[in-house]
Each structure stands twice: as C-alpha cells, then as structure tokens.
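Written below as structure tokens is the structure these notes are about.
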C-alpha cells in the first residue's frame with residue numbers, strides 16, 4: 001500500500017490517460033506486426049519451396065521440420081503480444097514432444113503430427129494479407145491526425161505555383177490561407193478523435209486472426225481434455241464412494257441385521273420354554289436395532305446429511321467439527337451462513353465431502369493434536385484449507401484417502417494441493433469454482 005503525504009492528492013488514472021495508453025499499445029501492435037509478418041511469410045514460402053524441391057531426397061523432411069519450428073517461434077512471439085490487445089491471459093498450446101530416447105527420424109516427424117504446428121505455419125502464410133492493409137490504415141490515420149492538426153504551423157512553408165489549386169478551392173471554400181488551414185485542421189481533428197477507434201479496430205482484426213489460429217483451437221482442445229478428465233474423475237469418485245458405501249454397509253448394518261434376525265428366531269423358540277431368556281434376547285435385539293439405526297444415520301451423513309440441505313454448509317461443517325476425534329477449529333466465511341450466500345447444492349456437497357474426508361484422514365493417520373478447517377468465499381471460487389500438526393507423509397497416490405478427495409475436486413473443476421512433508425505439518429488446500 002502506497003502512503004500519500006498529507007495535503008497531497010493521489011494521482012488518479014484518468015480516462016484520457018487510459019485511452020492514450022491503449023492507443024499506443026494498439027498502434028505499436030499494428031506497426032510492429034508488419035516486419036514480423038514479412039519475416040514469417042518469407043520464412044514460410046522459402047521453407048515450403050525448399051521442402052518441395054528436396055522432397056525427392058531425405059533432406060526435405062528435416063527442412064520442413066525446421067520450418068515448422070521456426071513458425072512455432074514466431075507464433076510464440078505473437079502470443080506474447082496478444083494480451084496487450086485482447087486483455088486476456090496468454091495461453092500456449094501443449095505441443096507434441098518426442099519421447100525420451102527417440103531416434104532422429106521420430107524427432108523429425110513429431111512436429112508434423114501436431115495440428116498446432118500446421119496452424120502456426122498457416123498463420124505465418126496468411127497474416128500478411130491482414131497485416132498489410134491494417135498497417136496502411138493506421139499509418140495514414142496517424143499521418144492525417146498529425147499533419148492536419150498542425151497544418152496551421154507550416155502552411156506558410158509549402159511552396160505553391162500560380163496554377164495550383166487546394167482542396168478548399170475545389171470544395172468552394174475559397175482560395176485563401178484561412179480556408180486551407182480551417183479545412184486541413186478539421187480533417188486532422190477528425191482523424192485525431194477517431195484514431196483510437198481506428199487503431200483499436202485494426203489491432204483487434206490482426207489479433208482475432210492470431211487468436212483463432214494460435215490460441216483458440218488450442219484452448220478448445222484443452223477445454224475438451226479438461227472436461228474429459230473431469231468426467232473420468234467424477235466416474236472414479238462415484239465408483240469409490242459406492243464401493244466404500246457397499247463395504248461399510250456389508251461390515252456394519254448388514255452384519256447387525258443378520259444377528260438381529262438370529263436373535264429374533266432364538267427368542268421365538270425360547271418364548272414358550274423360557275420366557276425370561278426370551279425377554280433378554282429381545283432386549284439384545286432392541287439394542288442391535290438402535291445400533292443399526294445409528295450406523296445407518298452415520299452413513300447417510302457421509303452421503304448427504306440433512307443438516308447440509310436444511311441449514312447450509314456452515315452448520316454441516318460445525319457438526320463435522322464437533323464429531324471429529326481430533327480437536328478441530330472451524331473458521332467459515334460469515335457470508336456462507338446467510339440465505340443470499342448459499343452455494344449451489346452440488347458445490348456444497350463437494351465442499352462437505354472434502355472436509356469430511358480430510359478430517360477422517362486426520363483422525364486415522366495424522367496422530368495430530370489439533371486441526372484447523374478454514375472455508376473462505378472468494379470471487380469466483382470457494383477455498384477450503386484443512387491443516388493439522390500431525391506427522392505428515394500424506395500424498396495423493398491411489399489407494400489412499402486423499403485420492404478420493406482429489407477425484408471429487410477435479411470432477412467439480414477445481415484444484416487440490418497437498419503439502420505434507422515427513423514429520424508434518426500437513427496442509428490440504430482445495431479451490432472449487434462457483
């Protein structure tokens with residue numbers, strides 16, 4: 001935070017300053033695009049021509065590979081320049097890479113199997129068709145703006161013959177210096193005021209072509225890959241939850257129900273011969289019924305606890321913290337407890353699952369004395385942090401409790417980070433989009 005001296009007003013960023021800054025960015029982008037486009041076009045034409053000439057020999061393929069790599073370098077340079085115009089973060093495609101230990105020809109052929117390499121080369125070919133006219137338009141507009149607005153300062157220095165006619169004369173405005181200055185100044189002012197729009201439009205046209213070929217397709221492919229990973233993670237998380245639920249039911253309520261049926265059968269046999277023994281057996285059966293109901297309630301809390309649906313995430317997490325075997329401090333954003341701050345039911349369920357599984361792992365494996373759970377609502381995301389002072393060593397390998405959390409978070413489109421060095425402490429941090 002910058003301190004402002006007493007009596008001194010801070011310097012705000014005025015709209016005019018921002019407009020000028022964007023004008024310079026757009027103009028610089030358009031003007032520097034021409035030399036880059038010329039280099040890319042010459043490189044692409046020379047590379048393809050040389051490849052076609054050497055294709056009958058084995059030298060043609062390495063030349064083509066070199067051309068593709070050179071086009072990739074120019075494409076990377078263009079991606080560095082795009083954020084200034086599009087106001088979007090830079091996205092670089094994930095190119096195919098040769099396998100470790102691959103031979104010479106496999107390394108040569110790898111770029112040719114990558115669709116993005118051909119899109120880079122296509123951009124090097126056709127960008128000149130867009131760059132050249134937009135370059136001319138921006139240069140002409142800058143020239144009109146500068147020469148027109150300053151025309152009154154150098155009108156006297158322009159040599160004129162007796163038969164020369166000015167534009168003002170052709171338009172019927174007169175042949176005096178005042179008419180010339182007024183007309184040219186008006187043209188200059190018009191160009192000056194429209195220059196930001198013209199430069200912005202030309203820069204956006206160039207950037208749109210570059211984005212569509214160099215970034216747009218890669219973003220779409222990356223989005224498809226992310227959705228596929230989320231789908232697999234959701235299926236894995238669902239399968240793990242069903243297996244765990246089946247195991248818990250088999251090991252708990254199912255065994256108790258079997259014993260309950262046996263106790264009731266024994267009580268029916270004892271009822272005539274030994275009523276007292278039958279009463280004791282029925283008492284045991286009632287106890288078994290209560291314990292079975294308690295286990296079923298515990299299992300239902302792990303799936304979708306009623307308190308989560310009725311009272312929201314803060315109350316459900318408070319109930320989790322109260323039942324935790326390790327003393328747990330809970331810090332929840334106050335906004336989540338209001339009616340307006342309620343999250344999507346799917347997001348609340350995922351957040352509850354993350355905290356519940358994390359606390360279960362703390363109780364089983366961490367040997368911790370204290371635990372802290374923090375849930376914060378940020379712009380566009382929900383952050384969950386579970387930290388303990390245990391022995392550490394937690395990781396996301398399959399077969400461990402945290403792998404289920406990772407699958408559930410990834411299925412929701414979020415990210416999970418685990419910091420658990422040997423000796424502790426352990427910190428689990430999840431971010432869920434909302």
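The values are calculated or read from the model by the stated rules, or taken from the named source; none is laboratory data. All of these numbers come straight from a predicted model, not from anything done at the bench. Cβ atoms come from the backbone with ideal geometry, glycine included; neighbour counts cover every protein chain shown.
Taking the conditions exactly as written (assigned by TED's automatic domain parsing to the domain that holds residue 330 and within 18 Å of the chain's Cα centre (by Cα)), does residue 409 satisfy them or not? In short, yes. Note on the range 71-93: among residues that are within 17 Å of residue 125 (Cβ to Cβ) and buried (at least 19 other Cβ atoms within 10 Å of the Cβ), the one that is farthest from the chain's Cα centre (by Cα) is 71. For the range 36-72, which residues satisfy the criterion of being modelled with pLDDT of 90 or more and either outside any helix (DSSP H, G or I) or within 13 Å of residue 214 (Cβ to Cβ) (or both)? Matches in the range 36-72: 36, 40, 71, 72.
Meeting the requirement of 3 or more residues that are over 13 Å from residue 350 (Cβ atoms) and touching a helix residue (DSSP H, G or I) at 6+ places or on another chain (Cβ under 7 Å), the strands (runs of 3 or more DSSP E) wholly within the range 366-434 are 371-378. For the range 312-344, a tally of residues being in a loop (DSSP other than H, G, I, E, B) and either without any contact (Cβ under 8 Å) to a residue 12 or more places away in the chain or under 23 Å from residue 368 (Cα atoms) (or both) returns 7.
Conditions tested, residue by residue: (1) under 30 Å from residue 268 (Cβ atoms); (2) out of contact with any strand residue (DSSP E or B) (no Cβ under 9 Å at 6 or more places or on another chain); (3) modelled with pLDDT of 80 or more.
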| site | (1), (2), (3) |
| --- | --- |
| 306 | no, yes, no |
| 313 | no, no, yes |
| 333 | no, no, yes |
| 341 | no, no, no |
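Of everything in the range 417-434 that is crowded, with 20+ Cβ neighbours inside 10 Å and in contact (Cβ under 8 Å) with a residue 60 or more places away in the chain, the residue that is nearest to residue 373 (Cα to Cα) is 428.
If you go through the range 334-371 and keep only what is more than 25 Å from residue 410 (Cα to Cα) and surrounded by 14 or more Cβ atoms within 10 Å (Cβ to Cβ), you end up with 337, 367, 368, 370.
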